[in-house]
Amino acid sequence: MKKILSLFAIINFQFGISCTVFAQKEINFWCFGMNAGIDFNSGSPVPFSGAAIGAPTLEGCSSIADASGNLLFYTDGSTVWNKNHVPMPSGVGLLGSYSTSQGALIVPKPGSPDIYFVFSIDLQNGPNGIHYSVVDMTAAGGLGDVVQLNVPLNAGTLYSEKMIGIRHANGNDFWVIVHTSFSNVWHAYEITSAGISTTPVVSAIGQTISSNESVGTMHCTLDGTRIAAAYWGGPLSAFEVFDFDKNTGTLSNPLFLTDPNYFYAYSVCFSPDGRYLYGACCNAFTIYQFDLSLPLPTGVLVGTSTNFFIGDMQFGPDSIIYVSFMNNNFLSAILSPDSAGLLCNFTQNAVSLPTPSTCQLGLPNYIYQVLNTPPVALFNAPHHICPGTCTDFTNLSINGTSYEWTFAGANPSTSTDANPTNICYNTPGNYSVSLIATNVIGSDTLTLNNYMTVYPYPAPQGIAQNGDTLFANQGAVSYQWYHTGVLIPGATDYFYIADASGDFNVVATDSNGCEVEAAIFDVVASVQSTVSNDQLAIYPNPVADKCTIRNSQFTMGAAVTIKVLNILGVAVQSEIRNQKSEMNVDTHALPSGIYWLEVSSGEKIFRTKFIKQ
């Protein structure tokens, strides 16, 4: 798909009028915990009651909807319920367990839109191992039924409680990945239009787990290229990350994340961009973030709970990671999972569940890449900038896994980053930006003509000197003066009366917000003294015919010189008096305008600005 849009065409999108294009609505209904349910079809999580899943279910479950987001059925690995929350006629007696971390997974059969495989695993090294059952949605009057029950895979093999599904690299088929017990062996079962391969792809890699380490979940990145697992108990209680080859079904490049603080590691989830891994420690009530762009990531504590066991974490259709806390009537959430450290914004009690619904340890297990869906390219950026500045681009694409950017008139002119930063424009003009988003299904190109507006260069700036007064070129919207590189508070006019020698510069801002700077060096001020405008008070201001000044910095009765200077720094009125706490100054003869009032004695001088009406 190729799109060329004008700037106007994206205004609605940038100002928050959202739309859903090619959304993976098959994952929009979640049934989990004790009678808990969430509907994501509105774009935000809407809790509902009445889901039949409940006691004794503690952990694994799976739900699936149709392409329009209508709930089809769900399971806890032991029972299959239809959309009316009633067990399918033959949907009982599956050989999963109510207490398996990921005891259930629903996988569509490629090429057969009404057929689904329901995988179930026995709990912690249990004798039933892994089985699958077949659901036909045309049965039972369209409510669906289990037409094949408990077909064993690799009978006699014991498995841990970890199970996920990933779309094959060909874009049509799937892999179901499981971990065998008391070993470092992983099995990947291929699902095609012909059915399920009974001979798995075997990867012997990573840590050899013991009995308790069989407990815990695993998840993958949104593009399915990396897998992470949590090992709950025992000496290896920690997290582990692997690369996954979606073409061959093999795991490689293990990265073991271990620390005494990770004891009771139970669940994992990746950020949308795949950079960060989140790991939750169930009984320790902690959630850590790992930056996988580093060679040896260290966990950063980003979330805690004081009185609830932390269960599964699952990525929602709204790009938020949801967290289940056992026996809690709220879902917690990581609201900004692509952000580093505490900026990820872990929030307890983010979604309230209706009474009597509660969370348990499990959240629905599903395949992120469930749809055979092409990507949609979308992006945003601050796109009205000054010459010589840089901007960052935010990728808003849907279903993309890799990206190619082209920036006309910029440096750099291309990028393959998901969210390019520091794209710099030096020459005024209007420039196009193009993004190609790609996944295993295909690609989509979005080109926005004249998207980047680089303003004209601001008017040149200079500084002239007349006595102690420094003048910038007039015409800018605002000014800011600096002395030896230090900002001068309140010095925001186009002129400034130098109260000390040295180097001065001014930054002028034009109507587009673009800045230009000028400097003048080695200014020799006629007054070498201490100046402090905030210690001299004048009122009223603006002044009519007379004003009163107050200054407590001189000795009472001491001789002081009071001057009025125009904006050029030239004295237009001067007199000598003896210091009093308050002194009146006659201003009736002054023309209207801006003036400086100066009070000095010995080495001290104080100035403040006033307006003559």
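The values are calculated or read from the model by the stated rules, or taken from the named source; none is laboratory data. From a predicted model like this one, the values you see are computed outputs, not experimental measurements. As a convention, Cβ positions derive from the backbone with ideal geometry for all residues, glycine included, and neighbour counts pool all protein chains shown. Remember, those area values only see protein heavy atoms, side chains included, never the ligands or the DNA or RNA. Shrake-Rupley method; radii C 1.70, N 1.55, O 1.52, S 1.80 Å.
Surface listing: 577, 275 arranged by accessible area from highest to lowest gives 275, 577, probe 1.4 Å.
Ranking 212, 61, 605 by Cα position along the charge dipole of the chain, where only Lys, Arg, Asp and Glu carry charges on their C-beta atoms, puts 605 farthest toward the positive end. With the convex hull of the Cα atoms taken as the outline of the range 65-104, the averaged projected area works out to 3.2 nm².
Once the convex hull of all Cα atoms in the range 256-335 is built, its volume per residue stands at 85 Å³.
Per residue, the Cα convex hull of the range 266-410 amounts to 158 Å³. Average projection, convex hull of the Cα set of the range 353-496: 16.4 square nanometres. Neighbours of residue 224, meaning other residues whose beta-carbon lies under 13 angstrom from its beta-carbon, give a summed charge of -1 when Lys and Arg score +1 and Asp and Glu score -1. The charge dipole of the chain, taken about its Cα centre with unit charges on the Cβ atoms of Lys, Arg (+1), Asp and Glu (-1) only, comes to about 760 debye. Packing order of peptides 302-308, 73-79, highest average first: 73-79, 302-308 (average count of other Cβ atoms within 10 Å over each peptide's residues).
Determine, from the Cβ-Cβ distance of residue 151 and residue 114 and an R0 of 22 Å, the FRET efficiency 1/(1 + (r/R0)^6), rounded to the nearest 0.05. My answer for the efficiency is 0.75. Dividing the radius of gyration of the alpha carbons in the range 460-613 by their Kirkwood radius gives 0.99 for Rg/Rh.
Separation of the range 418-460 from the range 491-507 is 39 Å, based on Cα centroids. Computed extension gain for residue 49 through residue 192, at 0.36 nm per residue and net of the alpha carbon distance, reaches 47.9 nm.
In sequence order, the range 333-340 has phi-based couplings of 7, 9, 7, 10, x, 7, 9, 7 Hz under the Karplus curve 6.51 cos²θ - 1.76 cosθ + 1.60, θ = phi - 60°, and Gly or Pro positions carry x.
For the range 318-381, a Kirkwood hydrodynamic radius built from all Cα pairs, placed in the Stokes-Einstein relation at 25 °C and 0.890 mPa s, yields a translational diffusion coefficient of 175 µm²/s.
Listed values for the range 470-486 are Karplus-derived 3J(HN,Hα) couplings in whole Hz (6.51 cos²θ - 1.76 cosθ + 1.60, θ = phi - 60°), namely 9, 10, 8, 5, 6, x, 6, 7, 8, 9, 8, 9, 9, 10, 6, x, 9, and x replaces Gly and Pro.
Secondary structure note: in the chain, about 95% of the DSSP beta bridges are antiparallel.
Taking 4 °C and 1.567 mPa s as conditions, the chain diffuses translationally at an estimated 45 µm²/s according to Stokes-Einstein applied to its Kirkwood radius (Cα pairs). Based on every Cα atom in the range 465-521, Rg and the maximum pairwise Cα distance Dmax equal 10.7, 33 Å. Taking every protein chain into account, the accessible area of the range 463-613 amounts to 51 square angstrom per residue (probe 1.4 Å).
Of the residues 434, 589, 302, the one whose Cα sits farthest towards the positive end of the charge dipole of the chain is 589 (charges of +1 on Lys and Arg Cβ, -1 on Asp and Glu Cβ, taken about the Cα centre). Projecting the Cα atoms of 348, 255, 113 onto the charge dipole of the chain, computed from C-beta unit charges around the Cα centre, puts 348 farthest toward the positive end.
Contact order for the chain, expressed relative to its length and based on alpha carbon pairs under 8 Å spaced 6+ residues apart, stands at 9 percent. Its DSSP H runs of at least 4 residues, each contributing -39,500 (n - 2.57), put the calculated 222 nm mean residue ellipticity of the chain at 0 deg cm²/dmol, to the nearest 500. Normalised by residue number, the volume inside the convex hull of the Cα atoms of the range 140-262 is 135 Å³ per residue. Rounded to a whole number, what % of the accessible area of the chain do carbon and sulfur atoms account for, probe 1.4 Å? Accessible surface attributable to carbon and sulfur in the chain totals 53 percent.
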